[in-house]
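Student: Handing you this structure, nothing more for now.
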Amino acid sequence: MNVNEHDGQQGQAGDGAQVSTGTPNETAAVPDAAIPELVIISGMSGAGRSTAAKCLEDLGWFVVDNLPPALIPTMVELGARSQGNVARIAVVVDVRGRRFFDNLRESLADLDSRQVTRRIVFLESSDEALVRRFESVRRPHPLQGDGRIVDGIAAERELLRELRGDADLVIDTSSLNVHELRAKMDAQFAGEEEPELRATVMSFGFKYGLPVDADLVADMRFLPNPHWVPELRPFNGLNEEVSAYVFNQPGAKEFLDRYAELLRLIAAGYRREGKRYVTIAIGCTGGKHRSVATSEKLAARLAAEGVETVVVHRDMGRE
């Protein structure tokens, strides 16, 4: 990813807004309909938080950068009092305010008790990509102290581990540039109406590693590999002959039927828990034949059931 600006370079609040330091319990109750929608942007330093925040700002969100977590409920209260002028708020929360970061769990619980619609977007990236970005701008990692960049990255991962697990949307920016990250944010937030559930079905090759942003992983290596069929080897799973070969194998159609049924059960649970995004990773050895064909079939099933679905073939063409 060519994100060479590091998070914290500029504030996003913009209008010099004054934030009351009163505690949430001291503010008056507001009608539920007036409570603004809230997105919390967090993740690894250098993974693109500033880019994600700027994208939401361009989409009309009121964005506040590096707000102490204890003030998030207060920010929501102020938005609720704006008579609809601030209907969507995005807050960037990260380890720059380390002494305030411990308050985040308490603030999230407070928001949940008020039935605030909130989502957490977590920006992830590999250690190699993060080191490369910090070195390219010759800036230290905010947590490295007297150590190395990798020491700061490791410390930050540990601090953010629990938050990452609670995230509604995890975006791995290791191989994304600024424009690709913006496209992902636009795909999730630009719509006029929020769908019940959005799914990304991603094919991948195990030899290139598991996708770090996958919520669910399925392994198609139990099927014969078209790579060993000479007339199919040059093609990929988008080819009709390759797809037919894959799904004529014993167990292939049964797997698709049962996995789609399992996903219906999981999707219902996600909706009940307020989770709006799911990344389903389908793997084979090289990410070219079996995983691609299965991803296409599965995505078609999900789309037919009303799930807004995007298909990504991560490793197709890498061989």
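Student: Check Ser45 against each of (1) small (Gly, Ala, Ser); (2) assigned to a helix (DSSP H, G or I); (3) under 17 Å from the mean Cα position of the chain (by Cα) and name the one condition it does not meet.
Tutor: Failing condition for Ser45: (2).
Student: Quick one: in the stretch 29-42, which of the residues that are modelled with pLDDT of 90 or more and either aliphatic (A, V, I, L, M) or assigned to a loop (DSSP other than H, G, I, E, B) (or both) is nearest to Val131 (Cα to Cα)?
Tutor: To start, the set of residues in the stretch 29-42 that are modelled with pLDDT of 90 or more comprises 38-42.
The next check asks that each one be either aliphatic (A, V, I, L, M) or assigned to a loop (DSSP other than H, G, I, E, B) (or both); those that pass are 38-41.
On the way: Leu38: 31, Val39: 27, Ile40: 25, Ile41: 21 Å.
Here the residue is Ile41.
Residue-by-condition table, conditions (1) acidic (Asp, Glu); (2) open to solvent by less than 50 Å² (accessible area, probe 1.4 Å):
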site	(1), (2)
Val246	no, yes
Glu254	yes, no
Arg272	no, no
Thr279	no, yes
Gly286	no, yes
Arg290	no, yes
Ala293	no, yes
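Student: Restricting to the stretch 273-299, what's the tally of residues that are in a helix (DSSP H, G or I) and either within 20 Å of the chain's Cα centre (by Cα) or modelled with pLDDT under 95 (or both)? If you could, list the steps in order and put the result at the bottom.
Tutor: In the first step, residues of the stretch 273-299 are kept if they are in a helix (DSSP H, G or I); the result is 290-299.
If we keep only those that are either within 20 Å of the chain's Cα centre (by Cα) or modelled with pLDDT under 95 (or both) as well, we get 295, 299.
Here the count works out to 2.
Student: Could we say that Glu261 is open to solvent by 90 Å² or more (accessible area, probe 1.4 Å), charged (D, E, K, R) and either more than 30 Å from Phe122 (Cβ to Cβ) or part of a strand (DSSP E or B) (or both) here?
Tutor: Details: open to solvent by 90 Å² or more (accessible area, probe 1.4 Å): yes; charged (D, E, K, R): yes; either more than 30 Å from Phe122 (Cβ to Cβ) or part of a strand (DSSP E or B) (or both): no.
So Glu261 does not fit the description; no.
Student: Same structure, new question: I'd like the residue in the stretch 304-319 that is in a strand (DSSP E or B) and open to solvent by 60 Å² or more (accessible area, probe 1.4 Å) and, out of all such residues, is nearest to Gly205 (Cα to Cα). Steps first, answer last, please.
Tutor: So the first thing to find is which residues in the stretch 304-319 are in a strand (DSSP E or B), and the list is 308-313.
Subset that is open to solvent by 60 Å² or more (accessible area, probe 1.4 Å): 308, 310.
On the way: Glu308: 24, Val310: 18 Å.
Only one residue tops the list, namely Val310.
Student: Would you confirm, using the coordinates I've provided, whether Arg301 is open to solvent by 20 Å² or more (accessible area, probe 1.4 Å) and out of contact with any strand residue (DSSP E or B) (no Cβ under 6 Å at 6 or more places or on another chain)?
Tutor: Working: open to solvent by 20 Å² or more (accessible area, probe 1.4 Å): yes; out of contact with any strand residue (DSSP E or B) (no Cβ under 6 Å at 6 or more places or on another chain): yes.
Criteria met by Arg301.
Student: If His227 passes every condition in (1) open to solvent by 40 Å² or more (accessible area, probe 1.4 Å); (2) assigned to a loop (DSSP other than H, G, I, E, B); (3) touching a Ser or Thr at 6+ places or on another chain (Cβ under 8 Å) but one, which one does it miss?
Tutor: (2)
Student: Any residue that is part of a helix (DSSP H, G or I) and surrounded by fewer than 16 Cβ atoms within 10 Å (Cβ to Cβ) - is there at least one of those in the stretch 214-222? So that I can check it myself, show each step before the final result.
Tutor: Taking the stretch 214-222 as the starting set, the residues that turn out to be part of a helix (DSSP H, G or I) are none.
Scanning the stretch 214-222, I find no residue that is part of a helix (DSSP H, G or I) and surrounded by fewer than 16 Cβ atoms within 10 Å (Cβ to Cβ), so the answer is no.
Student: While we're on this one: Spot the failing condition for Val178; the list is (1) touching a helix residue (DSSP H, G or I) at 6+ places or on another chain (Cβ under 7 Å); (2) not assigned by the TED database to the domain that holds Val93, and only one is missed.
Tutor: (2)
Student: Sticking with this one: Please find, among Ser82, Ser107, the residue that is among the small types (Gly, Ala, Ser), assigned to a helix (DSSP H, G or I) and closer than 25 Å to Leu59 by Cβ. Lay out the reasoning, then the answer.
Tutor: Values: Ser82 fails: assigned to a helix (DSSP H, G or I).
Criteria check complete, one pass: Ser107.
Student: Ok, one more. Does Val201 satisfy being under 30 Å from Asn103 (Cα atoms) and either among the β-branched types (Val, Ile, Thr) or outside any helix (DSSP H, G or I) (or both)? Lay out the reasoning, then the answer.
Tutor: Numbers: under 30 Å from Asn103 (Cα atoms): no; either among the β-branched types (Val, Ile, Thr) or outside any helix (DSSP H, G or I) (or both): yes.
No: the conditions fail for Val201.
Student: Among Ala183, Ala155, Ala129, which is the only one that is at pLDDT below 85 and part of a helix (DSSP H, G or I)?
Tutor: Values: Ala155 fails: at pLDDT below 85; Ala129 fails: at pLDDT below 85.
Exactly one residue qualifies, and that residue is Ala183.
Student: Oh, and also: For the stretch 52-78, give me the residue count where each residue is small (Gly, Ala, Ser) and either more than 23 Å from Met185 (Cβ to Cβ) or surrounded by fewer than 23 Cβ atoms within 10 Å (Cβ to Cβ) (or both).
Tutor: First, pick out the residues of the stretch 52-78 that are small (Gly, Ala, Ser): 52-53, 60, 70.
Checking the rest, the ones that are also either more than 23 Å from Met185 (Cβ to Cβ) or surrounded by fewer than 23 Cβ atoms within 10 Å (Cβ to Cβ) (or both) come to 60, 70.
Qualifying residue count, the stretch 52-78: 2.
Student: Please pick out the residue among Asp112, Asp172 that is at pLDDT 90 or above, open to solvent by 10 Å² or more (accessible area, probe 1.4 Å) and not hydrophobic (A, V, I, L, M, F, W, C).
Tutor: Numbers: Asp112 fails: at pLDDT 90 or above.
Going through Asp112, Asp172 in turn, the sole match is Asp172.
Student: What single numbered condition from (1) under 16 Å from Arg314 (Cα atoms); (2) more than 22 Å from the chain's Cα centre (by Cα) fails to hold for Phe204?
Tutor: So Phe204 meets the others, but not (2).
Student: Would you tally the residues in the stretch 48-69 being assigned to a helix (DSSP H, G or I) and in contact (Cβ under 8 Å) with a residue 40 or more places away in the chain? Talk me through it step by step, then tell me what you get.
Tutor: Quick first cut of the stretch 48-69, residues assigned to a helix (DSSP H, G or I) only: 49-58, 69.
Now drop any that are not in contact (Cβ under 8 Å) with a residue 40 or more places away in the chain, which leaves 49-57.
Result for the stretch 48-69: 9.
Student: Only residues that are touching a Gly at 6+ places or on another chain (Cβ under 7 Å) and open to solvent by 10 Å² or more (accessible area, probe 1.4 Å): list them for the stretch 115-133, please.
Tutor: Within the stretch 115-133, just Glu124 meets the criteria.
Student: Can you spot a residue in the stretch 158-166 that is farther than 25 Å from Arg272 by Cβ, without any contact (Cβ under 8 Å) to a residue 24 or more places away in the chain, part of a helix (DSSP H, G or I) and open to solvent by less than 60 Å² (accessible area, probe 1.4 Å)?
Tutor: No: zero hits.
The values are calculated or read from the model by the stated rules, or taken from the named source; none is laboratory data. Only a predicted model underlies this, so the values are computations on that prediction, with no experimental measurement involved. Virtual Cβ from ideal backbone geometry, glycine too; neighbours counted across all protein chains shown. Ligands, DNA and RNA are excluded from the accessible area calculation, which covers all protein heavy atoms including side chains. Shrake-Rupley method; radii C 1.70, N 1.55, O 1.52, S 1.80 Å.
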